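The values are calculated or read from the model by the stated rules, or taken from the named source; none is laboratory data. Please read these numbers as outputs of a predicted model, since none were measured by experiment. In this analysis, Cβ positions are derived from the backbone assuming ideal geometry, glycine residues included, and neighbour counts consider all displayed protein chains. Just the protein is used for accessible areas: all its heavy atoms, side chains included, with ligands, DNA and RNA removed. Shrake-Rupley method; radii C 1.70, N 1.55, O 1.52, S 1.80 Å.
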Amino acid sequence: MATHYLVVRKALATVVCGEEATMDESNRLTKTKEQWAKARRGGEEREVFYEGDARLPPGQHLVETWPVLDLGQKPNIPLSEWKLTIGGFVTTPVTWTWEQFLAQPQFKDVSDFHCVTSWSRFDNEWEGVSFKHILSVVKPLSSAKFVLFKSFDDYTTNLPLDACDDQDVLLTYKWNGRPLTKEHGGPVRVIVPKRYAWKGAKWVKEITFSDKDEKGFWEVRGYSNSAFPWENDRYG
């Protein structure tokens, strides 16, 4: 069957009324993103629908751009002040400066990116530090079963340790050969291709290994705790 293309320009408008009108900006943005996810849409984007494309998870459509979705806070983090702290149930906790992060073995990977608001972007080129390398450095204790990521804007998200211990999971500082921009989570964000993208924290600053599963920002607001795109696993 031939592939058919349909290109559409979309712009979502946020309508705030009633009690929402009294919410502060951060809460309004959170509510808006919840509405986007429930509508399985998000942002202003150029959409390309592929008929019968086996690479697209159910309910997803392909985009050629990389839409920006966040909670309205894009922290400005000078590289001289950036630090990544990794601890919890590990043998060797570490704190890396920017220079120390760049001194780790460099890892490159190409993977697809699936947002819960229904868009996907194929063949993203990432460069950074693999999570498998992080595991080899900090050496999690046998009691460590879960990982909690925290960002410079206080966003959090959680994953089982075995989901992070995968060949394609990394902390990236480059996208398609260019430094990762602030809008997309730079200096460093987490990439977990087999899960919806909210599981990959932007502006990451802390990684904590634990024996307990602590739900993150969106998980406590009704998003799925597992977030498998191929299972259409959006909500808990």
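Overview of values
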{"item": "Average accessible area per residue (Å²) across the range 108-236 - probe 1.4 Å, nucleic acids and ligands excluded", "result": "39 Å²"}
{"item": "Cα-centred dipole magnitude for the range 152-236, charges only on beta-carbon of K, R (+1) and D, E (-1), debye, nearest 20", "result": "440 debye"}
{"item": "Nearest-20 debye value, the range 103-206 charge dipole, Cβ charges on Lys, Arg, Asp, Glu", "result": "180 debye"}
{"item": "Nearest-10 value in Å² for the accessible area of LYS108, using the 1.4 Å probe", "result": "150 Å²"}
{"item": "Computed over the range 154-236: relative contact order in percent, which uses C-alpha pairs under 8 Å that are six or more apart", "result": "30 percent"}
{"item": "Loop-located GluC sites (Glu not before Pro) in the range 168-236, at most 15 other Cβ atoms within 10 Å (DSSP)", "result": "GLU214"}
